[in-house]
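Q: Below is one structure. I have some questions about it.
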Amino acid sequence: MSQTVLVINSGSSSIKYQLIDPATGDGIAKGLVEKIGESEGHIQHKYGDAIVDLHEPVADHEAGMREVLRLFDEVGPNLAESHVVAVGHRIVQGGKYFDGPALITDEVRGLIQELCALAPLHNPAHLKGIDVARELMSDIPHVAVFDTAFFRQLPEATATYALDRATAEKFSVRRYGAHGTSHQFVSTRVGELLGRSDLRQIVLHLGNGASVSAVDAGRAIDTSMGLTPLEGLVMGTRTGDIDPAVVFHLRRQGGMLVDELDDLFNKKSGLKGLTGNNDMRAVRLMAEGPKGAERDRARLALDIVVTRIVKYIGSYTAELGGLDVLTFTAGIGENDADLRREVCERLAPFGVSIDADANAARSDEARTISTDDSTVRVMVVPTNEELAIARQALTLV
Ligand code: AMP
């Protein structure tokens, strides 16, 4: 077996993991621990045809990680024989410190901790994963791979908010972006597939979380997520762009507290807030359902989603000074042919045209869906954040 990397994504009450062969891109084994700290926990481990599901309380991240290592021992593959050369940790917020992966030392750990103020839901949860994994797998190098790193090179003009300078500096308020690992992976893949490094690209990462980036010759020059992943496109449960004065209004008129507003904007809005469901497949079913208020709400939600995407494509095309490739990725981008068609139809006045059959064909492969005479090449490129993390981790060991 060649070298492998164990990728860990530690959340506040979950740990997702995957053992990957970075050379082939194969996922050798994967699983997740859910509902850590709750009365009824869940652990799933998949290796080959074996799927093990355990329903048992998992007291904390350490207990969860110990169970994962036990499952590797009992179900396989044996980690000691898997040539694990690195553990790659996904970290949401790297702030101004990290423009690439970093070997986790005590100093790097300290910086990730310092950045908890900017990502209070994510970075503390990542630290729990880092701490137990470093303790239990102390003989393997651990590497932090940051969601923000690809956007560390954003031009000042797109990274800086027009907020009072002193306040912004004091509280580190600027646009850090997110989903950078995916945007970098996909835009690099497009360049490789087309054999060009000078492309002006827009990447649409459309999943439950959604973001768009403008990439010029490999460098990100703009992206839709900002200080946090809340800004930008309409998402499963997030508002995306909204007038910040809505916060003042709801505080003053509705008496809502900061945590309630955070919850409302991040967890109860977007598709969920507009239709009652955050899952795009469910929203599509509602939009095709019987005439009535539910169908109207779903259709309006889809219209809002598509309009927001088109708005970003227009502005990013202008920022890039033209567009060579528009790429769809992630759960919705890769699978929802209707959404791709709806977006591209709105771009038809600018000469964008897609082939209906190519768009409708289902495939796990990267592919072009535009017609030969389209002014912009339109592609669907599956993202693979775990593989991207594994490959980045490997560069440091
Ligand atoms: P992700 O966060 O990348 O896993 O993407 C999750 C989103 O992809 C959810 O909103 C799913 O409903 C959506 N999705 C997955 N498959 C399809 C599909 N065939 N058609 C429409 N949406 C899909």
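Q: Output the residue which, of all residues in the range 52-86 that are of a type in the set (Val, Ile, Thr) and in contact (Cβ under 8 Å) with a residue 24 or more places away in the chain, is nearest to Gly37 (Cα to Cα).
A: Val58
Q: Can you pull out the residues in the range 185-208 that are surrounded by 21 or more Cβ atoms within 10 Å (Cβ to Cβ) and away from the ligand (no atom under 16 Å from the Cβ)?
A: Ser187, Val190, Gln201, Ile202 - these are the residues of the range 185-208 that are surrounded by 21 or more Cβ atoms within 10 Å (Cβ to Cβ) and away from the ligand (no atom under 16 Å from the Cβ).
Q: While we're on this one: Taking the range 76-120 on its own, how many of its residues are of a type outside the set (A, V, I, L, M, F, W, C) and surrounded by 22 or more Cβ atoms within 10 Å (Cβ to Cβ)?
A: Matching residues across the range 76-120 total 6.
Q: Looking at Ser269, is it small (Gly, Ala, Ser), at pLDDT 95 or above and touching a His at 6+ places or on another chain (Cβ under 8 Å)?
A: no
Q: Under 9 Å by Cβ, and 6 or more places apart or on different chains, what pairs join a residue from the range 246-267 that is surrounded by 11 or more Cβ atoms within 10 Å (Cβ to Cβ) with one that is among the aromatic types (Phe, Trp, Tyr)?
A: Note: pairs meeting the criteria are Val246/Phe265; Val247/Phe265.
Q: Something else about it: Across the range 58-92, what is the total count of residues that are closer than 14 Å to Ile140 by Cβ and of a type in the set (Gly, Ala, Ser)?
A: 4
Q: Continuing with the same structure: Checking Pro120 against (1) modelled with pLDDT of 95 or more; (2) assigned to a loop (DSSP other than H, G, I, E, B); (3) over 30 Å from Leu320 (Cα atoms), which single condition isn't satisfied?
A: Looking at each condition in turn, Pro120 falls short on (1).
Q: Restricting to the range 277-302, what's the tally of residues that are charged (D, E, K, R), within 16 Å of the ligand (Cβ to nearest atom) and outside any loop (DSSP other than H, G, I, E, B)?
A: Within the range 277-302, residues that are charged (D, E, K, R), within 16 Å of the ligand (Cβ to nearest atom) and outside any loop (DSSP other than H, G, I, E, B) number 3.
Q: Only one of Leu274, Leu261 is of a type outside the set (Val, Ile, Thr) and within 16 Å of the ligand (Cβ to nearest atom). Can you tell me which?
A: One residue alone meets the criteria, Leu274.
Q: Among Asp60, Asp73, which is surrounded by fewer than 14 Cβ atoms within 10 Å (Cβ to Cβ) and touching a Gly at 6+ places or on another chain (Cβ under 7 Å)?
A: Checking each option against the conditions leaves just Asp60.
The values are calculated or read from the model by the stated rules, or taken from the named source; none is laboratory data. Note that the structure is predicted; figures quoted are calculated from it, not measured. Don't worry about glycine lacking a Cβ; one is built from the backbone with ideal geometry, like all the others, and counts go over all protein chains shown.
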